[in-house]
Amino acid sequence: MRYQILHTTTYTYAPAVVLNPHVVRLRSRSDGNQTLHSFCLEISPEPAGISQVLDLEGNAVTRMWFVEPTDHLTIKVVSEVETHCTNPFNYILEPWAIQLPIDYPSSVLTQIMPYLNPQGTPSNIDPIIYEIAQEICHEVSGKTDIFLTQLNQRIYKNCCKQEIRETGAPFPPGITWKQQAGSCRDLAVVFIEACRAVGLAARFVSGYQEGDPDSEELHLHAWVEVYLPGAGWRGYDPIQGLVVADRHISLVASALPGNAAPVSGSIRGNARSTMHYDLKIIHQDLGKHQSFSEKDG
């Protein structure tokens, strides 16, 4: 699949403010699953300085800083991305990773530890999610791949009421499970917590998804990648109950959801702020596009 993405986000402030340094994470990844063919980033007002950075987890991010007061910040991205993963099941697990719990070699364990336990302290898994994970693990006799499929379906069916919440951190996973509803990032956190409960390394992914061709609404999307020895990072989308293939376009991935936010920054001064965004994803093979815009006071 080949897509053109046009994504504009505008923040307005009343009265004018001084912007502290901001981080923008809207550059699509370029790897074995997708190729970034072009990328253009426009910022208004023009930053006093701008820097392209590769963060600790290998994500390409943009840092920018400002000097003069402004009543707005507009971030416009135009990019072309080609996705390649037509068969997400095209892999063979390492023999020692077929069964849960996985007995990781020490060299592998050292590398994946931030995604098993990102806080660096003994894991504190939500008891509700821990129980669900262990129940599914028992039902599938500890088979790694089947566990992930069943977990994906269990979350999809239980949290069946999808909510659109464009701003704010994900809810705690136990709350999402009890409410049986949540945004895509809420369900992603439930999935991540359940994976870590059985010793699977997982990370939060921010990006785009092609969406329903009959719908006019498009939003930034979030899903999960799980590290499977022998297969690498593999994507799961619990809000759709799908394994990620070529209709998802990833931007950034992180052990911590906050480090995958599309825009991070703060302001100096007290002001009322509003946000407006417009997102278009044009499927170039079909010549079709979808768009959505929203105001958030």
Item checked: Of all DSSP beta bridges in the chain, antiparallel share, percent nearest 5 -> 95 percent
Check: Got a sec? What order do Ile249, Ile175 fall in by accessible area at 1.4 Å, biggest, i.e. largest, first?
Finding: Ile175, Ile249
Check: If you rank Trp96, Trp233 by how much accessible surface each has, with a 1.4 Å probe, what is the order from largest down?
Finding: Trp96, Trp233
Next item on the list: Using only protein heavy atoms and a 1.4 Å probe, report how much of Cys85 is accessible, in Å² to the nearest 10.
Entry: 20 Å²
Notebook entry, point to check: Rounded to the nearest whole Å², what accessible area per residue is found for segment 138-263 with the 1.4 Å probe?
Noted result: 37 Å²
Margin query: Can you give the log10 of the normalised intensity I(q)/I(0) at q = 0.08, 0.12 Å⁻¹, computed with Debye over equal Cα scatterers of segment 44-202?
Written below: -0.36, -0.75
Next item on the list: Evaluate the charge dipole of segment 21-153 about its Cα centre and quote only its size in Debye, nearest 20, assuming +1 on the Cβ of each Lys and Arg and -1 on the Cβ of each Asp and Glu.
Entry: 220 debye
Check: GNM, the chain, Cα, under 10 Å: largest mean-square fluctuation among Pro238, Pro114, Pro95?
Finding: Pro95
Check: Taking only the alpha carbons of segment 100-161, what extent do you get along each of the three principal axes, in Å, biggest first?
Finding: 37, 24, 17
Note to self: Give me the one-decimal nm value for the distance between modelled label points at Ile146 and Glu46, 7 Å along each residue's Cα-to-Cβ direction.
What the structure shows: 6.2 nm
Check: Calculated FRET efficiency, Trp65 and Ala181, Cβ-Cβ r, R0 35 Å, to nearest 0.05?
Finding: 0.35
Next item on the list: Select from Tyr115, Thr70, Ala169 the residue farthest towards the positive end of the dipole of the chain; place +1 on Cβ of Lys and Arg, -1 on Cβ of Asp and Glu, and compute about the Cα centre.
Entry: Thr70
Next item on the list: Can you tell me the FRET efficiency between Arg268 and Gln4 if r is taken as the Cβ-Cβ distance and R0 is 41 Å, rounded to the nearest 0.05?
Entry: 0.70
Margin query: Using a 1.4 angstrom probe on the protein heavy atoms only, could you order Val78, Val224 from most to least accessible area?
Written below: Val78, Val224
Note to self: What is the ratio of the Cα radius of gyration of segment 108-214 to 2.2 N^0.38 Å, with N the residue count, to two decimals?
What the structure shows: 1.10
Next item on the list: Convert each backbone phi in segment 174-187 into a coupling constant with the Karplus relation 6.51 cos²θ - 1.76 cosθ + 1.60 (shift: θ = phi - 60°), then list the ³J(HN,Hα) values in order as whole Hz, x for Gly and Pro.
Entry: x, 5, 4, 5, 5, 6, 6, 6, x, 7, 4, 6, 5, 5
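Determine, from the Cβ-Cβ distance of Val23 and Trp96 and an R0 of 45 Å, the FRET efficiency 1/(1 + (r/R0)^6), rounded to the nearest 0.05.
Efficiency computed from Cβ-Cβ geometry: 0.75.
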Notebook entry, point to check: Where in segment 192-270 are there GluC sites (Glu not before Pro) that are in a DSSP coil and have at most 12 other Cβ atoms within 10 angstrom of their Cβ?
Noted result: Glu216
Note to self: Keeping all protein chains in the complex and leaving out DNA, RNA and ligands, what accessible area do you get for Ile267 with a 1.4 Å probe, in Å² to the nearest 10?
What the structure shows: 60 Å²
Check: If you place +1 on the Cβ of every Lys and Arg and -1 on the Cβ of every Asp and Glu, how big does the dipole about the Cα centre of the chain come out, in debye to the nearest 20?
Finding: 340 debye
Next item on the list: With +1 on each Lys and Arg Cβ and -1 on each Asp and Glu Cβ, and nothing else charged, work out how big the dipole of segment 211-263 is about its Cα centre, in Debye to the nearest 20.
Entry: 360 debye
Margin query: How large a share of the accessible area of the chain, in percent, is made up of carbon and sulfur atoms when the probe is 1.4 Å and the other protein chains stay in place?
Written below: 51 percent
Check: In angstroms, what radius of gyration and Dmax does segment 209-285 have, counting Cα atoms only?
Finding: 16.1, 51
Notebook entry, point to check: Any idea which of Ile5, Pro88, Ala261 is furthest toward the positive side of the dipole for the chain, if Lys and Arg beta-carbons carry +1 and Asp and Glu beta-carbons -1?
Noted result: Ala261
Notebook entry, point to check: How big is the chain by Rg and Dmax over its Cα atoms, in Å?
Noted result: 19.7, 61
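The values are calculated or read from the model by the stated rules, or taken from the named source; none is laboratory data. The structure presented is a predicted model; accordingly, all values stated were derived computationally and were not measured. For neighbour counting, all protein chains shown are included, and Cβ atoms are generated from backbone atoms with ideal geometry for every residue, glycine included. These accessible areas exclude ligands, DNA and RNA; they are computed on the full protein's heavy atoms, side chains included. Shrake-Rupley method; radii C 1.70, N 1.55, O 1.52, S 1.80 Å.
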